[in-house]
């Protein structure tokens, strides 16, 4: 464990986590910081973590035992689909936390409103903000949020050279943009994952080949997604496919996807899970016949294992293209044909997003004197 906050020379790092996904990516870095003698960490836990509907995943963070946890409810079921209100609530809670605890740095990941709140709270209080996985693109509101976070952040830990180029093109200082890979790849390539039998037993998943289904709402899409989801599930059932599905995230429109999933949850062909522990999810992904949906996992993680993914619709538009990824419109016959074509295939693993040493690279940067000389009142860097 890290040493106490009042030890001389100790830098206080605050991580902000709002979802099961971002915690999985932050966790390797949190562990490194927590083990370091010259750093100490706290975690501001909020968002979907605190909702029982999504499995109360804050308990997973508590069990891991890294750093000091502060839990803050930024939403309930009535406000979860109003991203502006969730942002406002998160910023209000973070501002009070920052005023009382005054961290030396706030680290955020990705493109959620909780991360934007962390970047805003840091910048407005003169605290260095480090952003992990900036410079990526997508086809939804997520891209706008991600780039807004980039502009509020001072340090950028990006996953590949192309992302670095994009961040620099947005006027960020080149010397503050570091290609470190993605920390979740550290976990994916480690020997710490549970075995498949253990995961099957814990989540009550049948011992037969399965596909993973991860569908999330796209801001601006309407209730028609419910009919498409239902038709897709019915087609998979008719084709004799066994599917393990995880609840969609809580963006606006999630209820339209969740309803047809829940209506079929008792069917033998479908195992529906509110949430899956990150390491267990990786084991399931590694052994799955195919990943179906519009999650970034199909772009970011499935290729690491060479697992085929069927990327549906516009949510991951213009992201990483690889031979194992097939992008299709949400046309049910087209999706089902892709499932038939790719089921059980394996491709050469990709290392586009990292080689398994990202957290160590970030730790070294956190210990570098130049990191702490970072200007919090930055300006646009003309190329």
Under a 10 Å cutoff between Cα atoms, tell me which one of 369, 183, 103 has the largest fluctuation in the Gaussian network model of the chain.
369
Sort 24-33, 244-253 by packing, meaning the average of other beta carbons within 10 Å per residue, with the highest value first.
24-33, 244-253
Stokes-Einstein diffusion coefficient for region 162-296 at 4 °C in a medium of 1.567 mPa s, Rh from the Kirkwood formula over Cα pairs: what value in µm²/s?
76 µm²/s
Percent RCO, i.e. relative contact order, over the chain, from Cα pairs under 8 Å lying at least 6 residues apart:
16 percent
Using a Gaussian network model on the chain with a 10 Å cutoff between Cα atoms, which of 345, 109, 131 fluctuates the most?
345
Length gain on complete extension for the stretch residue 368 to residue 237, per 0.36 nm per residue less the alpha carbon to alpha carbon distance?
41.7 nm
Among 258-264, 136-142, how do they line up by average Cβ neighbours within 10 Å per residue, starting with the highest?
136-142, 258-264
Measure off 7 Å from each Cα along the Cα-to-Cβ vector at residue 346 and residue 323, then give the distance between these two points in nanometres to one decimal.
1.5 nm
Please give the contour-minus-distance gain from residue 148 to residue 52: 0.36 nm per residue of separation, less the Cα-Cα distance, rounded to one decimal in nm.
31.6 nm
Starting with the highest mean, order 373-383, 191-201, 353-363 by the number of other Cβ atoms within 10 Å, averaged over the residues of each peptide.
353-363, 191-201, 373-383
Can you give me the distance in nm between label points at residue 102 and residue 69, each placed 7 Å from the Cα along the Cα-to-Cβ direction?
2.8 nm
Compute a Gaussian network model of the chain, connecting alpha carbons closer than 10 Å, and tell me which residue from 211, 47, 344 fluctuates the most.
344
Cα extents of the chain along the three principal axes, largest first, in whole Å?
64, 40, 40
At 0.36 nm per residue, and after removing the present C-alpha to C-alpha distance, how many nm does the segment from residue 169 to residue 337 gain when stretched out fully?
56.5 nm
Calculated from DSSP H runs of 4 or more alone, at -39500 (n - 2.57) each and per residue, what is the 222 nm mean residue ellipticity of the chain, nearest 500?
-12000 deg cm²/dmol
So for R0 = 41 Å, FRET eff. of residue 196-residue 38 from the Cβ-Cβ r, to 0.05, ends up at 0.55
Could you state the number of Å between the C-alpha centres of region 103-165 and region 287-302?
24 Å
What do the square roots of 5 times the Cα gyration tensor eigenvalues come to for region 1-156, in whole Å, largest first, as semi-axes of the equivalent ellipsoid?
23, 18, 15
So for the pair residue 379, residue 78, with labels modelled 7 Å out along Cα→Cβ, what separation do we get in nm?
4.9 nm
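The numbers here are math on the coordinates, done by the rules we state, and not lab data. Since this is a predicted model, take the numbers as computed values, not measurements. Cβ sites come from the backbone with ideal geometry, for glycine too, and all protein chains shown count toward neighbours.
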